[in-house]
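Have a look at the structure below, then the notes.
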Amino acid sequence: MSDSLKTPVVEAVPSEAQEVFFEQLKVYLARARAAAISAPAAVLLLAFIQSREVGWGRSLAWLILPLIFDFLTIYTSRCFERHPPELSRLNFWRYRQHLLHLCAGLAWGSAAWFFYIRGNVVGELLTYAFLAAVTASDVTFMSPFRTGFALFSTCIWLPVMALMLWVGDTFLLQLALGVIILLTVNNYYAWVANQQLLDGLRQTVRNRRLCQELALAREELHHANVDLEARNAALHEASEQLRSMALHDELTSTYNRRFLYDEMAKEIAMSNRYGTPTTLLLVDLDWFKRVNDRHGHLVGDAVLKEVVMLLQSRLRDTDTLSRFGGEEFVINLRMTSGADALILAERLRTLIEEHAFSSLPAGEHLTISIGVAECRAGDDIDRWLNRADSACYEAKSTGRNRVVLFHKQTPEKNGTAIGGNAQ
């Protein structure tokens, strides 16, 4: 079967109960290791004390038994810690540790037989006191699983009670009853500790899962925000493109008439408020229709673009060049008087006249006529633009390739003059 037809393996997500069980087992093994590390001290102490009565041979023989299972417990815990098992094998690890606790309990309980000397009541009571202390101390260590503690505590006292029954002494039988009570109390405490531990583990797992869910939600929200920002950026870019298209001439990439009117309104307001000078240049290409007729509209378009390039090369960053229509352009010169604008207009006229256009045959030149009009108090867009148009009309009607500054003797051109001569 090809790889493309194989069923993908989906890793199972553990449930809350499985996570709690894993944490419970981890604590169980960690505490068992801690108990196994500290246990040799008690083993050596009991063996040393009893060696005076029974000799080192029996003491050493018994000492080896609990140490073997302590070593196995430490080894098992280390393996679990370094290589956590799959969820399906957690029970195997739990039962193995239960078995080790069972064997350790029997090893500890066998001390009653190894150290038994008939008539040595003090030695017996000392052994029983040690075993009682070990049982009580392991309530906390083995509380993660009550079964583990029940096996350990029961197996500690089984050999002892067997010895008591075998000896048959009334005092020992009374002690056996006390052992049963001790086991009952210890297992009750183990149950209480187990419930407290499980409550804490459940809360820990729930908090961790909640944090994971919050982290996932935050990550999803982050991706959503990134996507939204990308869309907003695309929309903004599209909006800017539309705005640019709405305010620019498609052929020459200069500003269009709509932008020109907006700028003129702003300049009129600034001039009226602060009294700053601002001047318009209306540029008209002379005999441009002949260029289209002789060479075609593609050549005419190329000439218009080259004219725009030449005009912009002599303008400041604060000046704006707009295509007014056809072969007419308007230049808005901010903070510039009519006299200064006249000087610039003459430079522009000379620049166009002397330029050899790459799209025209050699020796064929192009000229422009420019009307100059400074903004006056009380002007509106139409009146100001009409004066610039009148000045340009005069330049064309008096021979073309000229620059004319609007003055009082210049007739206003708008079909009919507005009040005769300009005031």
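The values are calculated or read from the model by the stated rules, or taken from the named source; none is laboratory data. Quick caveat, the model's predicted, so the values are computed rather than measured. Methodologically, a virtual Cβ is constructed for each residue, glycine included, from the backbone with ideal geometry; neighbour enumeration extends over all protein chains shown.
Annotations for the structure displayed:
Residue by residue, here is whether (1) of a type in the set (S, T, N, Q); (2) within 21 Å of PHE152 (Cβ to Cβ) holds:
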{"residue": "LEU183", "(1), (2)": "no, yes"}
{"residue": "ASN194", "(1), (2)": "yes, yes"}
{"residue": "LEU197", "(1), (2)": "no, yes"}
{"residue": "GLY200", "(1), (2)": "no, no"}
{"residue": "THR204", "(1), (2)": "yes, no"}
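- Once the range 265-288 is narrowed to residues that are surrounded by 12 or more Cβ atoms within 10 Å (Cβ to Cβ) and charged (D, E, K, R), the residue that is farthest from THR320 (Cα to Cα) is ASP286.
- Hey, THR170 in the same structural domain as TYR95 (by TED's automatic domain parsing) and modelled with pLDDT under 90 or not: yes
- Residue within the range 142-158 that is surrounded by fewer than 19 Cβ atoms within 10 Å (Cβ to Cβ), of a type in the set (Ser, Thr, Tyr) and at pLDDT below 90 present: no
- Complete set of residues in the range 320-336 that are out of contact with any Gly (no Cβ under 9 Å at 6 or more places or on another chain), farther than 10 Å from LEU280 by Cα and not in a strand (DSSP E or B): GLY326, MET335
- Elements of the type helices (runs of 4 or more DSSP H) sitting completely within the range 43-138 and holding at least 2 residues that are under 60 Å from the mean Cα position of the chain (by Cα) and of a type in the set (A, V, I, L, M, F, W, C): these cover 56-82, 90-109.
- Every residue from the range 261-298 that is of a type in the set (Ser, Thr, Tyr) and within 53 Å of the chain's Cα centre (by Cα): TYR261, SER271, TYR274, THR276, THR278
Conditions tested, residue by residue: (1) touching a residue at least 24 places away in the same chain (Cβ under 8 Å); (2) crowded, with 20+ Cβ neighbours inside 10 Å.
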{"site": "TYR28", "(1), (2)": "yes, yes"}
{"site": "ALA36", "(1), (2)": "yes, yes"}
{"site": "VAL43", "(1), (2)": "yes, yes"}
{"site": "LEU63", "(1), (2)": "no, yes"}
{"site": "ILE74", "(1), (2)": "yes, no"}
{"site": "CYS79", "(1), (2)": "no, no"}
{"site": "ARG82", "(1), (2)": "no, no"}
{"site": "LEU87", "(1), (2)": "yes, no"}
{"site": "GLN97", "(1), (2)": "yes, yes"}
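- Matching entry among ALA111, ALA107, ALA47 (being free of Cβ contacts under 8 Å to residues at least 40 places away in the same chain and crowded, with 19+ Cβ neighbours inside 10 Å): ALA47
- Filtered residue count, the range 153-170, keeping only those that are touching a helix residue (DSSP H, G or I) at 6+ places or on another chain (Cβ under 8 Å) and either outside any helix (DSSP H, G or I) or not polar (S, T, N, Q) (or both): 10
- Among residues of the range 242-287, those that are touching a residue at least 40 places away in the same chain (Cβ under 8 Å), part of a helix (DSSP H, G or I) and hydrophobic (A, V, I, L, M, F, W, C), counted: 5
- Any hit, the range 357-369, residues being in contact with a helix residue (DSSP H, G or I) (Cβ under 6 Å, 6 or more places away or on another chain), in a strand (DSSP E or B) and under 15 Å from GLU267 (Cβ atoms): no
- Filtering ALA129, ALA112, ALA104 for residues that are small (Gly, Ala, Ser) and farther than 18 Å from ILE180 by Cα leaves a single hit, ALA104.
- Qualifying position, being on the phi < 0 side of the Ramachandran plot, of a type outside the set (D, E, K, R) and either exposed (fewer than 10 other Cβ atoms within 10 Å of the Cβ) or in contact with a Lys or Arg (Cβ under 7 Å, 6 or more places away or on another chain) (or both), among LEU260, LEU247: LEU247
- Some residue of the range 372-381 being modelled with pLDDT of 95 or more, under 23 Å from LYS305 (Cα atoms) and either hydrophobic (A, V, I, L, M, F, W, C) or outside any strand (DSSP E or B) (or both): yes
- Flag for ILE368 being without any contact (Cβ under 8 Å) to a residue 40 or more places away in the chain and of a type in the set (Val, Ile, Thr): no
- Number of residues in the range 227-278 that are more than 28 Å from MET335 (Cα to Cα) and among the β-branched types (Val, Ile, Thr): the value is 0.
- Between ARG231, ARG206, ARG218, ARG202, the distinction of being more than 16 Å from VAL13 (Cβ to Cβ), among the charged types (D, E, K, R) and in contact (Cβ under 8 Å) with a residue 24 or more places away in the chain belongs to ARG202 only.
- Qualifying residue in the range 390-403 (condition: in a loop (DSSP other than H, G, I, E, B), under 21 Å from ARG290 (Cα atoms), without any contact (Cβ under 8 Å) to a residue 60 or more places away in the chain and touching a Leu at 6+ places or on another chain (Cβ under 7 Å)): no
- A Cβ distance below 6 Å, combined with a sequence gap of six or more or placement on separate chains, defines the contacts here; from the range 297-308, residues that are buried (at least 18 other Cβ atoms within 10 Å of the Cβ) reach residues that are β-branched (Val, Ile, Thr) and not in a helix (DSSP H, G or I) in the pairs LEU304/THR252; VAL308/THR252; VAL308/THR254.
- The range 82-98, residues that are in contact with a Ser or Thr (Cβ under 7 Å, 6 or more places away or on another chain) and among the charged types (D, E, K, R): ARG96
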